[in-house]
Amino acid sequence: MKKETLRVLLFALSALFAIVLLDQLVITNLKNSQVNIINVALIFFFCVSGMYLLLGLGGVLSLCSVTMLGLGAFVCGFLNTKLNVPIPAAMLLGALASGVLALFLGLLLLKLEGPCFVFGTIGVTYIGQSVFQNFAAFTGGPNGTGGIGKLVLFGYTFKTFKDWFPLLAVFVLLLILLLHRIKQTTFGRSLMAVRDDATAAYCMGVNVYRTKVVVFVLAGVLAGFGGSLYAVHNGTISASLFTFNTQLKFVIMLMLGGVMSPIGALFGTVLVNYLPELARFANSYLNLLYGCLIVLLMIFMPMGLAGILKEAVVRYRVQRNKQLPGDGGKGGPSDVVS
């Protein structure tokens, strides 16, 4: 246990050092538009991380995370601009609102199995898209919500995108540590048992339905907090973002990075969000690129970049064990990697 704690602490300190280096050596030299892309990717990771919990650990494919993202953003914006609620409180209430919606939807939809559940979440996304675009009293309708206040923490005001990067990076680091911790808990092991075999998990005393509802709510809260961050970071929000197309991008982000790896999912989120900047020459064909990327991922990288890296590490260890003196170049029991 002490060894595990030391490893996590070492990772956290190394990540903090990397954040400082990135901020001082890279972010300060980038254009504001480029920093904005990176910041938005870090915000989107809150949504993708919820999908990691649902799909990677729980084996549940939900396609309504973008609705939770949008609800958190619009609740935060509405409370601050219409009711003058302070930004920190508005952000927390935005996340709470998404969690309440996720609880309501989870209690209803998680009684469904397989494709029925997936199609139900798709329906929720289209309902949310329609509400965000037409419920002008709450969202501002086609014009969206603007004039959202600045975040102030400990007397420091986050005014520019470059000011936001260190804070968002630290939030993401804390989120990765939280995801790692969840995986080690009894709840995380129950989730993985449900993913592998729901019937066997039930026979071992796991309440399958309640476990799925809890993780669905947790994913909703994470997405809602990401939406609140997006609203305050940009200062304005539009319903045009919270569509099914955005939801599909979240799926690509998770699959590209690795559905079983939070760190891989983070890299996938940044890469996909930066793709329009890298492929400006083919801006009219981005949907074609996304479609081809999905097909190629399913064929050649079903476990994403993290899966490829893990396979490479396993091959290296096997080759190293075969070359150890005394085994005659033949693999033995030590070749088996769990």
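Values in this text are rule-based calculations from the coordinates and carry no lab data. Keep in mind the model is a prediction, meaning the values are calculated, not measured. We place every Cβ from the backbone using ideal geometry, glycine too, and count neighbours over all the protein chains shown.
Extension gain, residue 202 to residue 130, is 22.1 nm, computed as 0.36 nm per intervening residue step minus the present C-alpha separation. Summing charges over neighbours of residue 10, with a neighbour being any other residue whose Cβ is under 13 Å away from its Cβ, gives +2 when K and R count +1 and D and E count -1.
Each of [x] 40, 21, 20; [y] 27, 24, 20; [z] 35, 25, 20 is a candidate for semi-axes √(5λ) of the Cα gyration tensor in Å; the one calculated from this structure is [z]. Taking the average, over residues, of other Cβ atoms within 10 Å as the packing measure, peptides 230-241, 62-73 rank 62-73, 230-241 from highest down. Express in % the proportion of alpha carbon pairs of the stretch 150-270 at distances exceeding 25 Å. Cα-Cα pairs of the stretch 150-270 separated by over 25 Å account for 38 percent.
Residues of the stretch 37-74 with an amide N closer than 15 Å to a point placed 7 Å from the Cα of residue 18 along the Cα-to-Cβ direction: 42. Normalising the average separation of contacting C-alpha pairs (under 8 angstrom, six or more residues apart) by the number of residues puts the relative contact order of the chain at 28 percent. Remark: the residue 89-residue 61 segment gains 7.0 nm on full extension, using 0.36 nm per residue and subtracting the alpha carbon distance.
What does the charge count around residue 60 come to, taking other residues whose C-beta lies under 12 Å from its C-beta (Lys +1, Arg +1, Asp -1, Glu -1)? Here the charged neighbours net out to +1.
Electrostatic bookkeeping for residue 192 treats Lys and Arg as +1 and Asp and Glu as -1; over the other residues with beta carbon under 15 Å from its beta carbon, the sum is +3. Figure the gain on full extension for residue 313 and residue 290 (residue separation times 0.36 nm, minus the Cα-Cα span) and round it to one decimal in nm. Net length gain for the segment: 5.4 nm.
Among 23-34, 297-308, 162-173, 249-260, the peptide with the highest mean count of other Cβ atoms within 10 Å heads the list, and the full ranking is 249-260, 162-173, 297-308, 23-34. When peptides 153-160, 209-216, 133-140 are sorted by average Cβ neighbour count within 10 Å, with the highest value leading, the order is 209-216, 133-140, 153-160.
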